[in-house]
Amino acid sequence: MSATDKLRTEVVVIGAGISGIAAAKCLKQAGFDVIVLEKTGEIGGLWTFKEHGYGVMRFTHINVSKFNYCFSDFPFPEDVPDFPHNSHMAKYIADYTMHFGIDKLIRFQTQVNKIERIDRDWHISTVKVQEDGKGGYIVGEPMTFIARYVAIATGHHAKPSHPRFPGQETFKGQIIHSVAYKDAISNGIVGKRVLIVGIGNSAVDVAVNAASIGRCKSVYLSTRSGAWVLSNYLFGHPTDFYACRFFLWLPFRLQTFILEMVLTVIYGKPQK
């Protein structure tokens with residue numbers, strides 16, 4: 001292909017993760033001509049595990065039950081666990097893509113470099129790329145896509161946020177962002193002392209993995225705010241079964257009060 005190659009379509013969707021695939025499916029069903037641009041050679045975005053680069057940890061399970069996370073017109077298979085592993089999630093997204101014919105719309109290994117508005121159209125400048133096996137890419141031929149509409153589905157976890165702390169530059173240990181954490185063995189923290197900053201989903205996953213598989217000497221979670229750490233199951237059912245519309249209609253203070261009472265009955269007071 002030459003540098004002047006251009007292709008016109010109605011809609012360009014950037015990203016073939018779960019959001020991009022869903023957007024393309026809905027646009028296709030609405031009668032639009034759609035092209036999906038995906039930088040990697042795979043479907044699934046962060047749910048497709050990679051040894052290097054952006055994606056889930058090796059042991060990641062989804063923290064929402066399959067009954068509430070699935071698409072309404074494409075449920076999970078019966079034999080998939082209530083809280084699927086990332087490999088189940090990747091297969092589910094791939095199956096969804098094939099079922100609705102979205103795979104035929106995807107241009108893999110296509111990196112978007114620039115989007116600009118010219119008159120009434122969007123011009124999307126891209127290059128073909130090839131993964132180098134180390135989390136980087138080798139750049140190839142350029143191409144421009146021209147579309148009336150653009151949907152950006154590149155994911156809000158794609159670029160890590162690196163906080164800075166006083167004295168950090170003198171710390172002699174290893175500092176790892178969770179986006180680069182695969183497991184305790186791969187990241188070389190077995191038997192070490194670990195401090196995890198934050199109490200989001202990734203932080204709690206790392207803490208459990210470091211304490212169990214990593215058998216670390218000590219594992220601490222540092223957080224500036226409180227959080228409820230819940231079991232996946234409550235009274236024998238996935239916990240998110242109880243997050244019905246009626247419960248969510250209640251005032252937030254009342255929701256919190258009910259949740260606190262239930263958890264106190266089951267696990268005791270959180271202060272202990």
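The values are calculated or read from the model by the stated rules, or taken from the named source; none is laboratory data. What you are looking at is a predicted structure, and each value in this text was computed from that prediction instead of being measured. Because the Cβ atoms are built from the backbone with ideal geometry, glycine has one as well, and the counts that use them run over all protein chains shown. Please note that ligands, DNA and RNA were not included when accessible areas were found on the heavy atoms of the full protein model with its side chains. Shrake-Rupley method; radii C 1.70, N 1.55, O 1.52, S 1.80 Å.
Some points to look at:
- Accessible-area composition of the chain, carbon plus sulfur, in percent [1.4 Å probe]: 57 percent
- Accessible area in square angstrom per residue, the stretch 78-125, 1.4 angstrom probe: 57 Å²
- Over the stretch 1-155: Rg over Rh, Cα atoms, Kirkwood Rh: 1.00
- Over the stretch 190-240: Kirkwood hydrodynamic radius from C-alpha pairwise inverse distances, Å: 12.1 Å
- Using a probe of 1.4 Å, the accessible surface attributed to residue 10 totals some 70 Å² when neighbouring protein chains are kept in position.
- Peptide ranges 94-104, 42-52 listed from the most packed, as the mean C-beta count within 10 angstrom indicates: 42-52, 94-104
- Shape call, the stretch 130-272: gyration tensor on alpha carbons, a/c limit 1.5: oblate
- Angle between the chain longest axis and helix 201-212 axis [Cα atoms, degrees, rounded to 10]: 60 degrees
- Checked against a 23 Å cut-off, the cross-linked pairs 114/182; 91/182; 182/217; 39/182; 159/217; 39/159 give Cα-Cα distances beyond that limit for 114/182; 159/217.
- Residue-normalised accessible area of the stretch 149-206, expressed per residue, 1.4 Å probe, Å²: 71 Å²
- For the stretch 63-203, the alpha-carbon radius of gyration amounts to 1.41 times the rule-of-thumb value 2.2 N^0.38 Å expected for a compact globular protein.
- Positive contributions from Lys and Arg (+1) and negative ones from Asp and Glu (-1), summed over other residues with Cβ under 15 Å from the Cβ of residue 255, come out at 0.
- When Rg and the Kirkwood radius Rh are both evaluated on Cα atoms of the stretch 52-127, their ratio Rg/Rh stands at 1.11.
- The listed peptides 18-26, 117-125, 208-216, ordered by packing as a protection proxy, come out as 18-26, 208-216, 117-125 (highest mean of other Cβ atoms within 10 Å first).
- Options (1) 1.04; (2) 1.02; (3) 0.96 - which one matches Rg/Rh (Cα atoms, Kirkwood Rh) as calculated here: (2)
- List 217, 39, ordered by accessible area with a 1.4 Å probe, largest first: 217, 39
- Amide hydrogen neighbours beyond the local backbone of residue 37, cut-off 5 Å, H modeled: 13, 14, 15, 107
- DSSP-defined antiparallel bridges as percent of all bridges, the chain, nearest 5: 50 percent
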